[in-house]
Amino acid sequence: MTLPEFGVPAVMPSFRRVAPELVTLDFEDVIYVAAGKDVKEGKAKLVWTVHQPRGNVKICIIHVLVPSKTIPMGGLGAEIPANSANEILLREHRENERINMHKILDTYLHVCEEMGVPAEKKYIESDSVHEGIVELIRLHRIGKLVMGAVADGCCFKKMTEIKSRKAIFVRDKAHVSCQIRFIYNGHLIHTREAQTVEAIVEVRTDAPSPTTPALGAGESVFLKSRSATLRSDTAKLSNPFQDLMRRAFSLNADRRALRPIASPSPASIPSDQSNAEGMLERQDTPQELATSLSHHLQLIWSVYHTGHSSFSNTLDLDENGMQEVLEEGVMARAEEVGIIEGGQNDPRKLEEELEKLQDHLNKVIEELRSALEGKLQLESQFAEAHESRKELELKIIAANEKLQIFRQERELLQIELNDALQKAEEMSRRKGDSWGTKYFSEFSMTEIKEAVQNFDPALKIGEGGCGSVYRGFLRHTSVAIKIIKFNSMHGSQEFQQEVDVLSKVRHPNLITLIGACPEPRTLVYEYIPNGSLEDWLHSSNRAKQLPWQARVRIATELCSALAFLHSWKPSIVHGDVKPGNILLDAHLMTKLSDFGICRLLSGGERSSNNTTVVHLTNPKGTRGYMDPEFLIEGKLTIKSDVYSFGIILLELLTGRPALGIANAVRKAISAGTLKTILDPSAGEWPYMLAKELVHLALRCCQMSTRNRPDLRSDVWTVLQSIGASCQ
């Protein structure tokens with residue numbers, strides 16, 4: 001397009017508005033395919049693209065990695081928000097996401113390799129897929145793109161237009177220079193054509209600018225012919241800036257130009273002033289002046305581009321800034337050339353305009369020098385930043401290696417600690433005589449059979465999962481004999497556990513173990529005539545009633561027995577405190593029994609806050625009375641017995657079963673109906689006393705062990721005070 005031939009002032013403003021849309025054109029024969037996590041769908045896009053009649057093509061697979069908003073907690077089946085996770089966990093999760101992404105992209109590359117098509121991959125991390133695709137188009141100047149027309153997981157029998165919001169967003173927001181083909185199920189649904197250079201120029205130049213005179217008829221004909229020439233030249237453009245220069249200053253081949261400049265190097269720029277000065281001595285036409293200016297500005301671009309092309313991707317902003325400087329200058333000069341056309345017969349006026357052109361060219365050269373210096377400085381800063389990044393990466397790698405070593409050492413130390421604790425517990429068990437005096441007798445199998453009259457069913461008073469309990473008469477004493485089943489899974493362990501504990505401790509509210517017979521595994525206890533608290537509270541045919549005074553005393557005695565066990569060295573946790581294991585003698589005195597799953601807590605077993613002794617084991621016990629933390633984490637502590645005690649205290653107050661009792665009592669308190677849930681069979685409860693006991697029980701039933709009171713220092717003190725007021 002020759003500027004003077006159809007009026008520079010009328011064309012240049014339109015050209016200025018088009019320029020930003022053309023600077024990112026990419027003429028490489030590369031087809032980009034947007035592929036997601038669905039490998040089957042991605043393969044279909046690749047196969048469709050390769051089989052299009054386009055000859056040899058190169059495929060570039062693009063992918064948008066959207067970081068997940070949540071992070072799974074391994075083994076727990078739960079997820080936590082990513083912004084709540086710690087830095088190490090978040091970094092490991094993001095790295096796993098990238099690894100999985102590269103596996104998928106490598107699968108796509110393998111598919112292309114099998115089809116004999118060269119391929120590469122590019123990806124970006126973004127909060128949304130559609131914005132990521134638009135950004136990839138901008139960053140890599142994508143000219144041809146193939147992507148899906150529907151959302152992932154959707155299925156349509158027939159479709160004639162794009163459906164997904166993602167596809168619509170990309171169609172509307174992607175750069176106009178990119179041709180986008182939307183496919184579905186192996187069929188082309190829609191094509192958004194790229195806006196080419198010649199189309200834009202024809203559209204912008206067909207209508208005259210509102211601020212300038214319209215073109216004449218002859219000029220319009222010329223414009224159309226030059227448009228055809230421009231279309232034939234677009235394939236030869238090597239980069240966006242040269243495209244800008246040639247569109248602004250392309251002239252007919254037969255126009256006479258100034259003397260050519262041989263060497264496109266920075267050193268030759270000042271010497272070219274003599275060439276420009278030569279213009280002042282000649283009576284050239286405005287067309288020739290425009291040609292000269294075009295040659296000079298193309299020289300400036302070649303100097304700017306030579307030697308710095310390897311860095312152009314990093315400094316796109318500098319290139320764009322230089323483009324604006326030159327483009328604005330070109331438009332200003334072109335307007336002046338348009339004015340010259342009207343007065344080219346006046347030599348003095350022409351000479352003045354040539355001087356202005358030379359001054360402007362010198363100014364552009366100076367600005368270019370400054371831009372080159374700035375670019376070199378930025379290149380140096382980039383190199384320094386790159387080196388710093390490498391150093392930081394090496395430090396991070398070294399830190400990660402040290403962290404792995406520390407973790408391995410910690411695991412080894414933990415294993416050694418667990419072994420030491422296990423050995424210490426075994427030694428403590430073997431050295432049981434250090435606990436105190438043994439109160440224990442051994443009986444023969446003959447004595448056991450005689451005591452229960454050869455296991456007469458009429459003497460059986462109880463039966464459980466581990467064995468049967470008989471009433472007998474042994475060595476002139478009424479006894480209860482518990483015979484543990486031979487095939488019981490945990491019978492041997494529970495037998496030894498109960499013998500180890502009850503043979504060495506004595507308390508008025510603990511059942512007395514008189515002796516044992518090792519073969520078969522038999523335990524001999526004192527006989528307790530009044531059954532269990534379970535029979536008194538929940539039996540459907542109970543004949544007797546427990547008055548509220550007796551219930552307060554039972555709670556006090558149970559608290560005393562548990563506090564005694566917890567204060568023993570090492571501490572003893574019963575682990576299965578429930579009404580069925582609380583026996584009542586002839587005077588309704590409490591006797592805590594069944595120590596088969598109790599645990600001894602050594603001083604080395606402590607919780608994470610180093611304050612509570614814990615024992616890690618598989619949860620055992622009775623539903624409704626088990627500590628929630630013990631049930632979930634397997635951590636058995638003395639506070640586990642406190643929880644069970646709180647549930648039993650609520651049962652003594654209400655007469656209700658254990659499951660859901662704590663929530664029912666809390667609702668009654670909130671509604672102000674506490675009296676309605678108190679057990680009427682206990683008699684008339686003193687309201688203030690009952691209210692105090694209810695609040696004490698609920699404190700014991702707190703979900704967190706840290707919020708539960710201590711039996712000896714807190715609960716025992718309150719119960720003693722209440723018991724004294726009942727007498």
* If you go through segment 490-535 one residue at a time, how many are among the basic types (Lys, Arg) and either surrounded by fewer than 20 Cβ atoms within 10 Å (Cβ to Cβ) or within 18 Å of residue 562 (Cα to Cα) (or both)? -> 2
* Can you name the residue in segment 684-707 that is part of a loop (DSSP other than H, G, I, E, B) and not small (Gly, Ala, Ser) and, of all such residues, is surrounded by the most Cβ atoms within 10 Å (Cβ to Cβ)? -> 701
* Which listed residue, of 119, 174, 199, 214, is touching a Cys at 6+ places or on another chain (Cβ under 6 Å) and either modelled with pLDDT under 85 or of a type in the set (Gly, Ala, Ser) (or both) -> 119
* Quick one: which of 632, 669 is free of Cβ contacts under 8 Å to residues at least 24 places away in the same chain and either among the β-branched types (Val, Ile, Thr) or not in a helix (DSSP H, G or I) (or both)? -> 632
* To do: Please name all residue pairs, on different chains or six or more residues apart, with Cβ atoms under 7 Å, provided the first residue is in segment 682-710 and is farther than 17 Å from residue 656 by Cα and assigned by TED's automatic domain parsing to the domain that holds residue 650 and the second residue is among the basic types (Lys, Arg) and part of a helix (DSSP H, G or I).
  => 687/675; 705/639; 708/639; 708/699; 709/699
* Structure fact -> Okay, strands (runs of 3 or more DSSP E) sitting entirely in segment 1-83 with 1 or more residues that are modelled with pLDDT of 90 or more and closer than 19 Å to residue 180 by Cα, I get 30-34, 58-65
* To do: Kindly check whether there is at least one residue in segment 700-712 that is under 17 Å from residue 552 (Cβ atoms) and under 42 Å from the mean Cα position of the chain (by Cα).
  => yes
* Please indicate, with yes or no, whether at least one residue in segment 127-135 is more than 23 Å from the chain's Cα centre (by Cα), in the same structural domain as residue 186 (by TED's automatic domain parsing), under 24 Å from residue 188 (Cβ atoms) and not small (Gly, Ala, Ser). => yes
* If only one of 524, 499, 552, 505 is farther than 26 Å from residue 726 by Cα, in a helix (DSSP H, G or I) and of a type in the set (A, V, I, L, M, F, W, C), which one is it? -> 499
* Asked: From the list 328, 324, 351, 319, which one is over 59 Å from the mean Cα position of the chain (by Cα), at pLDDT below 90 and not assigned by TED's automatic domain parsing to the domain that holds residue 139?
  -> 351
* On the given criteria, is residue 417 in contact (Cβ under 8 Å) with a residue 40 or more places away in the chain, out of contact with any helix residue (DSSP H, G or I) (no Cβ under 6 Å at 6 or more places or on another chain) and within 30 Å of residue 89 (Cβ to Cβ)? -> yes
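The values are calculated or read from the model by the stated rules, or taken from the named source; none is laboratory data. Computed from a prediction, not measured in an experiment: that's the story for all the values here. Positions of Cβ are backbone-derived with ideal geometry, glycine not excepted, and every protein chain shown enters the neighbour counts.
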